[in-house]
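Chemist: I have a structure I would like to understand better, so I am pasting it below and will then ask my questions one at a time.
The values are calculated or read from the model by the stated rules, or taken from the named source; none is laboratory data. All values reported here derive from a predicted model rather than from experimental measurement. Cβ: placed from backbone, ideal geometry, glycine included. Neighbour counts: every protein chain shown. Note: accessible area is taken over every heavy atom of the protein model, side chains too, but ligands, DNA and RNA are not part of it. Shrake-Rupley method; radii C 1.70, N 1.55, O 1.52, S 1.80 Å.
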Amino acid sequence: MPTLPRRSVLYLPASNARALEKARELEADALIIDLEDAVAPEAKPRAREMATEAIRAGYPGKEVALRVNAADTPWGDADLEAAYRCGPDAIVLPKVETAQEVREVALGIPLWAMIETPRGVLAAHEIAAAPGVAALVMGTSDLVRDLRARPVPGRENLLYALSRVVTCARAHGLEALDGVHLDLEDAEGFERACVQGRDLGFGGKTLIHPRQIETANRVFGVSPEEVAWARRVLEAYRAARAEGKGVAVLDGRLIENLHAAEAERLLELDRVIRERGT
Ligand SMILES: CC(C)(COP(=O)(O)OP(=O)(O)OC[C@H]1O[C@@H](n2cnc3c(N)ncnc32)[C@H](O)[C@@H]1OP(=O)(O)O)[C@@H](O)C(=O)NCCC(=O)NCCSC(=O)C[C@H](O)C(=O)O
Ligand SMILES: [Mg+2]
């Protein structure tokens with residue numbers, strides 16, 4: 001499967017013509033054009049048309065996903081029909097709670113299932129295994145509300161859900177995307193949340209504003225130090241293998257085939273990012 005960087009995944013309301021246009025020049029790896037919570041009920045039909053036009057016009061170099069309204073809302077069916085017509089790279093299904101909901105959608109377009117309710121968290125394993133699902137996306141704002149939790153800076157109250165979703169996604173070879181950071185003025189807290197998400201295993205972060213892109217690209221990307229380390233790991237491991245050994249020691253640390261495989265993954269991600277020029 002080709003490496004697709006999804007370090008930064010920017011939401012934009014489909015009803016916002018300026019944002020739809022502006023997104024073309026931004027360095028986000030992927031976009032989620034939103035028909036759901038960012039669009040007022042009376043604006044939904046027009047927003048659907050705007051999303052369709054924008055997706056047809058294309059966003060070169062970016063993956064484009066369309067977030068539809070849930071099937072049990074007055075807009076869900078028309079949103080899916082629109083998605084089928086304009087062909088986004090993925091459809092984002094909000095508030096998924098069962099694998100059956102995903103099966104009912106099966107359109108031949110990759111599905112990104114949002115996990116943002118307690119039931120969704122508990123069913124994440126079955127959802128991840130459902131046909132067509134390519135990614136699990138955390139919806140931490142809805143989840144905090146449904147849990148009757150409080151938004152806390154270190155997200156300690158979400159660690160179970162975050163870890164469970166990453167684990168279920170990875171168990172099925174899927175992408176895992178972290179939830180949004182709502183405080184646009186809190187650059188330090190945002191960076192800490194990116195580091196936390198990356199260290200938990202998420203491949204990238206969903207974003208709500210262009211000013212969050214650079215940090216997400218940096219934190220979820222590959223640093224020059226990681227590139228240098230990965231090269232040395234591969235060199236040491238290959239030298240050990242040439243001598244008939246299964247392991248190597250580098251700077252006092254054990255290197256096994258799993259470290260070599262991770263080094264290869266990082267170097268490939270770095271190569272693809274460099275090719276993109278972001
Ligand atoms: C939060 C915003 C409403 C702020 O918008 P605005 O007041 O326009 O911000 P700025 O003036 O600072 O914007 C500067 C320029 O950047 C463009 N812009 C802003 N936001 C975006 C965006 N998201 N995508 C593309 N471009 C954007 C502005 O047009 C300005 O451009 P220019 O004219 O050149 O100066 C706004 O950022 C916003 O609407 N954000 C997205 C909100 C959203 O989509 N929410 C729903 C998804 S999050 C969610 O639902 C979470 C999940 O479901 C859960 O439960 O956790
Ligand atoms: Mg939500």
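Chemist: Can you find a residue that is of a type in the set (Lys, Arg) and either closer than 30 Å to GLU275 by Cβ or within 15 Å of ligand 2 (Cβ to nearest atom) (or both) anywhere in the stretch 102-114? Give the steps one after another, and end with the answer.
Modeler: So in the stretch 102-114, the residues of a type in the set (Lys, Arg) come out as 103.
Pick out the ones that are also either closer than 30 Å to GLU275 by Cβ or within 15 Å of ligand 2 (Cβ to nearest atom) (or both) and you get none.
No - not one qualifying residue is present in the stretch 102-114.
Chemist: Follow-up question, since we're still on this one. Condition first: open to solvent by 50 Å² or more (accessible area, probe 1.4 Å) and of a type outside the set (A, V, I, L, M). Now tell me which residues in the stretch 160-185 satisfy that. Write out each step before concluding.
Modeler: Here is the first cut: in the stretch 160-185, the ones open to solvent by 50 Å² or more (accessible area, probe 1.4 Å) are 160, 164, 167, 170-173, 182-185.
TYR160, ARG164, THR167, ARG170, HIS172, GLY173, ASP183, GLU185, listed by residue number.
Chemist: Further question on the same structure: Can you name every residue in the stretch 17-54 that is over 26 Å from GLU191 (Cβ atoms), touching an Asp or Glu at 6+ places or on another chain (Cβ under 9 Å) and either open to solvent by 60 Å² or more (accessible area, probe 1.4 Å) or of a type in the set (A, V, I, L, M) (or both)?
Modeler: Of everything in the stretch 17-54, those that are over 26 Å from GLU191 (Cβ atoms), touching an Asp or Glu at 6+ places or on another chain (Cβ under 9 Å) and either open to solvent by 60 Å² or more (accessible area, probe 1.4 Å) or of a type in the set (A, V, I, L, M) (or both) turn out to be LEU20, LEU35, ALA47, ALA51, ALA54.
Chemist: In the stretch 105-128, which residues are over 16 Å from the mean Cα position of the chain (by Cα), of a type in the set (D, E, K, R) and under 13 Å from GLY139 (Cα atoms)?
Modeler: Listed by number, the list holds a single entry, ARG119.
Chemist: Could you tell me which of the residues ALA14, ALA57, ALA90, ALA30 is among the small types (Gly, Ala, Ser), free of Cβ contacts under 8 Å to residues at least 40 places away in the same chain and outside the structural domain of VAL272 (by TED's automatic domain parsing)? Lay out the reasoning, then the answer.
Modeler: Details: ALA14 fails: free of Cβ contacts under 8 Å to residues at least 40 places away in the same chain; ALA90 fails: free of Cβ contacts under 8 Å to residues at least 40 places away in the same chain; ALA30 fails: free of Cβ contacts under 8 Å to residues at least 40 places away in the same chain.
From the options ALA14, ALA57, ALA90, ALA30, the qualifying one is ALA57.
Chemist: Which of the residues belonging to the stretch 3-26 are more than 16 Å from ligand 2 (Cβ to nearest atom) and assigned to a loop (DSSP other than H, G, I, E, B)?
Modeler: Narrowing the stretch 3-26 to residues more than 16 Å from ligand 2 (Cβ to nearest atom): 3-8, 15-26.
Selection gives THR3, LEU4, PRO5, ARG6, ARG7, SER15, ASN16, LEU26.
Chemist: So which residues in the stretch 30-71 are over 12 Å from LEU93 (Cβ atoms) and either assigned to a loop (DSSP other than H, G, I, E, B) or at pLDDT below 95 (or both)?
Modeler: Of all residues in the stretch 30-71, those over 12 Å from LEU93 (Cβ atoms) come to 30-31, 33-34, 37-64.
Residues satisfying the conditions are ASP37, ALA38, VAL39, ALA40, GLY58, TYR59, PRO60, GLY61, LYS62.
Chemist: Out of the stretch 115-124, which residues are touching a residue at least 24 places away in the same chain (Cβ under 8 Å), in contact with a Ser or Thr (Cβ under 9 Å, 6 or more places away or on another chain) and within 15 Å of ligand 2 (Cβ to nearest atom)? Please lay out each step first, then the result.
Modeler: At the first step, the residues of the stretch 115-124 found to be touching a residue at least 24 places away in the same chain (Cβ under 8 Å) are 115-118, 120-121, 123-124.
Subset that is in contact with a Ser or Thr (Cβ under 9 Å, 6 or more places away or on another chain): 116, 120, 123-124.
Result: GLU116, GLY120.
Chemist: If you don't mind, there's one more thing I want to ask. Among the residues of the stretch 136-158, which ones are free of Cβ contacts under 8 Å to residues at least 12 places away in the same chain and either away from ligand 1 (no atom under 14 Å from the Cβ) or open to solvent by less than 20 Å² (accessible area, probe 1.4 Å) (or both)?
Modeler: As a first pass, look at the stretch 136-158 and keep what is free of Cβ contacts under 8 Å to residues at least 12 places away in the same chain: 145, 148-150, 152, 156.
Passing the criteria: ARG148, ARG150, VAL152, GLU156.
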